[in-house]
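*Asks:* Take this structure first; my questions come after.
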Amino acid sequence: GSDYYETPNIDRLATEGILFDNAYAAAANSAPSRACMMTGMYTPRHGVYTVSPPDRGDRTKRKYIAIPNVEDVCVDFVTMAEALQEQGYQCGHIGKWHLGDDEDGTGPLSQGFIWNVGGNRAGAPYYPYCLPDKSKCHVGLEEGILGEYLTDRLTEEAVSFIKSHSEGPFFLHLSHHAVHTVLQAPDSLINKYRNKTPGKYHKNPI
């Protein structure tokens, strides 16, 4: 519906599929929302109320005592992927996880996924969306190309997962980082939108 940004594939999905125009997220930011979706629990049950320490920021302006927060989903909780895995689904996670690490048993591979590309405790990519340094890559992205756009790379990994699991039931959880700052896009896209007439509601080429 944007009068500036072009999303033909999303528009086609909305036209040919089912469009939900009255819904809500279980939390106001990403980690608790993802924890709710993965576990089917509300925040008081899984304990992920926010990202990072809940008392971050300027304490002199805080008007309430921040509730204790956990940052990892407990391995004892049954996740969506674990439930689907029991029914024969091959489950893959690609992109942002922000609910723990595989190294300590709280990452995607410990929560019912057999494929994890990029998912760990970090809430943001180790590098900006255009890869400058291979040494700072997330798991599964070590073979990146210098200057590679992270959003495109994650999408390519998702296509690869779908193709390699298309013979049976599968569940793919693709979680792009690009909804977050920093705002960054390939030069070709930025130039394209800089040359467009700004819309009434949208005008940022990045």
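Computed from the coordinates by the stated procedures, all read-outs in this text should not be read as laboratory data. Worth saying up front: this structure is predicted, and the values here are computed from it rather than measured. Backbone-built Cβ (ideal geometry, glycine too); neighbour counts: all protein chains shown.
*Asks:* Return the label of the correct value of volume of the Cα convex hull per residue in Å³, as calculated from the structure shown, out of (i) 196; (ii) 125; (iii) 178.
*Replies:* (iii)
*Asks:* Gaussian network model of the chain, Cα springs within a sub-10 Å range: biggest mean-square fluctuation belongs to which of 69, 116, 195?
*Replies:* 195
*Asks:* Among 65, 18, 162, whose mean-square fluctuation peaks in a Gaussian network model of the chain (Cα, cutoff 10 Å)?
*Replies:* Looking only at 65, 18, 162, the biggest GNM fluctuation is shown by 18.
*Asks:* Picking from 77, 170, 20, which is most flexible by a Gaussian network model of the chain using Cα springs under 10 Å?
*Replies:* Result for the chain, Cα springs under 10 Å: 20 fluctuates most.
*Asks:* Continuing with the same structure: Modelled label-to-label distance, residue 37 and residue 66, 7 Å Cα→beta-carbon offset: nm?
*Replies:* Going by the 7 Å Cα→Cβ label model, 2.4 nm.
*Asks:* Considering only DSSP beta bridges where both residues belong to the chain, give the percentage that are antiparallel (nearest 5).
*Replies:* 10
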